[in-house]
Amino acid sequence: MPLIRSHTADKFIVDRRKPHRNSDVARAVRKTRDRLSQQPGNLAFDRELLKLHARAMVSSATAIPLLVLVIAAAGLFAGMQGSILIWALITVTCYAGLTLVAQRADRIDSAEPNIARIRTGFLFSHFISGLGWAYFAALDCAGCQVEQFPVIKAVVLLLAMAATALIASSLRGALVVTFALPVAVYTLIGVSAWTAVEAVMVGLLVLALPFFSYIAGHLNRSSLMLLSFRSEKDGLIAELETAKSMSDEARRRAEEANLAKSRFLASMSHELRTPLNAILGFSEVMGNEVLGPMNNGTYRDYAKDIHESGQHLLDLINEILDLSRIEAGRYQLNEEPLNILQIVEECCHLMELKARHKDIRVVQQFESVLPRLFGDERAVRQITLNLLSNAVKFTSTGGEILVRVGWTAGGGQYISIKDNGPGIPAEEIPVVLSAFGQGSIAIKSAEQGTGLGLPIVQGLLAMHGGEFELHSKMREGTEAIAIFPATRVMEELPAIPTAKLAAGIRRR
């Protein structure tokens, strides 16, 4: 059965002196999300896309000029003389200028604010390079021995458009600016001739331009999404680093606060116990009239009240120190074989006098024989006394407390203390299990405690590897069960027969 633990907020450190922290974090996150929005016109992304375009043009500076040289060589082989060489020279020169513009843009600092000027320069360079393809679309090969030369020109333009769509996809509009004029020139020449083949090729080029523009736009959106993911990753890494630094700072402050608390408890326990010893000793001497009778009975009652209050304060200090040591992991268990039946029976005898004052009957149901338990006798005694004290405190006059000790289904041992008091509401069980937590019944009761008994019981059982369960129903009572694991139960050795024991002694 699971161990019921407290889930109240007193276990968390809340810095109420900095109420603006949450709003600052929310504002920073919102600002980051706005910065990472995938919308056109984002300066950060436009700058990165221009950088990507410049690097793509530089890295592929030889691709299209190599295609141009291959086409020029094929034209010379087919019989075209000066016109194809002039076209090749113009086109290669235009692409060389475009490469120089790309290199200059790649060397510009990333913080350059004039994005529009760089974009305009790129588009103008692409338009200039498109003039070479327009000149190619206007070429004629009347003297060469090539059939269907318009078809070859259309195929070359399609290849150039496809290569440009892949290379220049980072710059929106680059494909249209480059090949709008060549397609228009080819269309005008094809309309003037208006043969069936040229009409088909014109239609193919006219449809190919928006198609490749769509492909380039899709690649552009993919690049934009990758940039967004990279920026978001960088932003999240920055947020994680900030959160880590804040967590380290909070941990350092918590450690300092815990150290200060330990020092305070160590010093104040001594400072408080020293005068308490005098208060308890002198009040007991006065109350018992050791040095002589007291003529005024009121003074005698006052001395007893002082002694009881001092004893209550001493118990409170001891409970706070015990809980602090348990939470800090400095509570040392003095483990030894012990008889749990004997310990619980002694605790019942100790609480019997207090139970008689309220006319409460304590019923004991113990197993006849239980093997020894390996644990801390003082801790087991404190667990039993805390549970019995709570049962006596919240059981009404004339009630009954049932104390059971026995085996668990898993081979362990348990201590169960059940009363027929008013019970605890289900929603208040986590509260009463927390440090200094008290339910509504305890608050209304005249016998209010410190709220440390059950947390100490939980801590001591956890140190033994056990569990604590609290079951309660309103107007039916409460049952507290302390469970020790089977690993704590010691197996009894079989008894040696008397004859064999005597023979062994004689042999020795």
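The values are calculated or read from the model by the stated rules, or taken from the named source; none is laboratory data. This one's a predicted model, so the numbers in the text were calculated from it and none came from an experiment. Neighbour counts run over all protein chains shown; Cβ positions are idealised from the backbone, glycine included. Surface accessibility is based on the protein's heavy atoms, side chains included, excluding ligands, DNA and RNA. Shrake-Rupley method; radii C 1.70, N 1.55, O 1.52, S 1.80 Å.
Among ALA355, SER324, ASN339, pick out the residue whose Cα is farthest towards the positive end of the charge dipole of segment 312-423, where Lys and Arg carry +1 and Asp and Glu carry -1 on C-beta, about the Cα centre. Of the options given, the answer is ALA355. Leaving out ligands, DNA and RNA, what percent of the accessible area of segment 241-325 is carbon and sulfur, probe 1.4 Å? Accessible surface attributable to carbon and sulfur in segment 241-325 totals 58 percent. With no solvent and one equal point scatterer per Cα, compute the Debye intensity ratio I(q)/I(0) for segment 68-129 at 0.19, 0.23 Å⁻¹ and report its log10, rounded to two decimals. Debye output, listed in q order: -0.72, -0.88. Note that segment 333-401 shows a convex hull volume over its alpha carbon atoms of 69 Å³ per residue. Working ranking of peptides 197-204, 272-279, 401-408, 377-384 by packing, defined as the average number of other Cβ atoms within 10 Å per residue, highest first, is 377-384, 401-408, 197-204, 272-279. Label-to-label distance for LEU313 and THR397 is 3.1 nm, based on points extended 7 Å past Cα in the beta-carbon direction. Computed over protein heavy atoms with a 1.4 Å probe, the accessible surface of segment 171-305 works out to 65 Å² per residue. For ASN114 and ALA260, a Förster radius of 41 Å and the Cβ-Cβ distance give a FRET efficiency of 0.10, rounded to the nearest 0.05.
The ALA78 and TYR214 beta-carbon pair, evaluated with R₀ = 45 Å, returns a calculated FRET efficiency of approximately 0.85.
Summing +1 for each Lys or Arg and -1 for each Asp or Glu among the other residues whose beta-carbon sits under 10 angstrom from that of ALA480 gives -2.
Among the listed pairs LYS51/LYS153; LYS51/LYS244; LYS354/LYS473; LYS393/LYS473; LYS261/LYS304; LYS354/LYS418, those whose Cα-Cα separation exceeds 22 Å are LYS51/LYS153; LYS51/LYS244; LYS354/LYS473; LYS261/LYS304.
Cα convex hull of segment 234-355: mean projected area in nm², to one decimal? Can you show the working numbers first?
Details: hull surface 57.2 nm².
The number I arrive at for segment 234-355 is 14.3 nm².
Whenever you get a sec, compute what percent of the accessible area on segment 60-178 sits on carbon and sulfur atoms (1.4 Å probe). Write out the running numbers ahead of the final one.
On the way: 3990 of 5760 Å².
Answer for segment 60-178: carbon and sulfur cover 69 percent of the accessible area.
When each of the peptides 182-188, 244-250 is scored by how many other beta carbons lie within 10 Å of its residues on average, the order from highest to lowest is 182-188, 244-250.
Across the protein chains, with a 1.4 Å probe defining accessible surface, the residues THR120, THR178 rank THR120, THR178 from largest area downward.
Between ALA196 and GLU352, the modelled labels are 12.2 nm apart [label points 7 Å from Cα along Cα→Cβ]. Other residues with beta-carbon under 11 Å from the beta-carbon of GLU336 carry, at +1 per Lys or Arg and -1 per Asp or Glu, a net charge of -1.
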